[in-house]
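Before any comments, here is the structure.
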Amino acid sequence: MERVYSPEILDSAECPPDEVESSLDDLCRINRWFGGVATTRKLIERVAKVTGKKNLSVLEVAAGFGEVPRAVAQQLEPRGITLEITELDRAASHLRRGHRALVADALALPFRNNSFDLVSSSLFAHHLEPPDLARFGAEASRVSRCAVLINDLIRHPLHLALVYAGFPIMRSYVSRVDGVASVKRAYTPAEMQQILSNGAGGKRLEISRHYLFRMGVILWKNPPGEKAEFQPSAA
C-alpha cells in the first residue's frame, strides 16, 4: 500500500467550528478505545523505567483537546509516576480552556533547549511530509531532556478497511473523511525509522508496534545506559 498525500479537513482554517468540536470528540473516543492512550502510556513507562524519573514534564505537540496525555497521567498516577503537562497546538480552537496550553508551530517550538523531559505527539506525524517529519524530530529533540515520543498510525490495507468499518461510531463527517486520509498518509515503521534516523544525529531510536495498527517511537536524547544531563524546566 503506497503512501498517498491527501489533505485533511481538520487541518483547514475553513473547517466549521461545530465540526472541529465533533471531530476532536471522535478522536478522544478513538484514542481511548483503540490504543492511542495505551501506546503513549507504554512509551512513558519505558522512559520512566530507563531514566528512573517518577515526575516528568511533558510538552504535548498538536495536542487537540489533550485527552491522550491527561488520560495517561490518570493511569500512571497510581503507579507513582506523575506528569506535568503543557499542551501546544497550531489552532486555538483545538485547545481546551483551563489547560496549560499555547498556540505555536510544532516545527519552531518557542522553548529553550532542554525545556521538558519529554516532547510527545499523538496522531501528528502522518500530517508531515518526510522533510518536515525529520525537522520535527530534530526540533522536538532540541527541546527535550530525555526523549521524543511519537504515537502514530501504521499504514496498512487492513487498517484502512477498519476505518471504513468504524464509520458508524464517528459522529462527524470530518472524522470519516480524515480517518481515511490519515491511514493513507501514515508511515510504516521502516519508513519512520529511515526518516528519523537520517536526522537523528546518532541518537537512538526505538520503534514498537501496538494494538490496532499503532506505532510507538522513542527518540532518545541520550541513549539508554548513558547518563543524561537533566536541567530545570525553562518553559
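The values are calculated or read from the model by the stated rules, or taken from the named source; none is laboratory data. This one's a predicted model, so the numbers in the text were calculated from it and none came from an experiment. Backbone-built Cβ (ideal geometry, glycine too); neighbour counts: all protein chains shown.
General remarks:
- Conditions (1) among the basic types (K, R); (2) farther than 27 Å from D18 by Cβ; (3) surrounded by fewer than 18 Cβ atoms within 10 Å (Cβ to Cβ); number of the one not met by R155: (3)
- Here Q194 meets each of (1) of a type in the set (S, T, N, Q); (2) in contact (Cβ under 8 Å) with a residue 24 or more places away in the chain; (3) farther than 22 Å from V72 by Cβ with one exception, condition (2).
- Residue list for the range 77-108, restricted to those being buried (at least 19 other Cβ atoms within 10 Å of the Cβ) and over 28 Å from E19 (Cβ atoms): I81, L83
- Complete set of residues in the range 151-206 that are more than 17 Å from the chain's Cα centre (by Cα), assigned to a loop (DSSP other than H, G, I, E, B) and not charged (D, E, K, R): H156, G166, M170, S172, G199, A200, G201, G202
Conditions tested, residue by residue: (1) closer than 23 Å to L24 by Cα; (2) in contact with a His (Cβ under 7 Å, 6 or more places away or on another chain); (3) modelled with pLDDT of 95 or more.
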{"residue": "A62", "(1), (2), (3)": "yes, no, yes"}
{"residue": "I81", "(1), (2), (3)": "no, no, yes"}
{"residue": "S93", "(1), (2), (3)": "yes, no, no"}
{"residue": "A104", "(1), (2), (3)": "yes, no, yes"}
{"residue": "S115", "(1), (2), (3)": "no, no, yes"}
{"residue": "G137", "(1), (2), (3)": "no, no, yes"}
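- Among the residues of the range 115-164, the ones that are polar (S, T, N, Q) and more than 22 Å from F213 (Cα to Cα) come to 3 in all.
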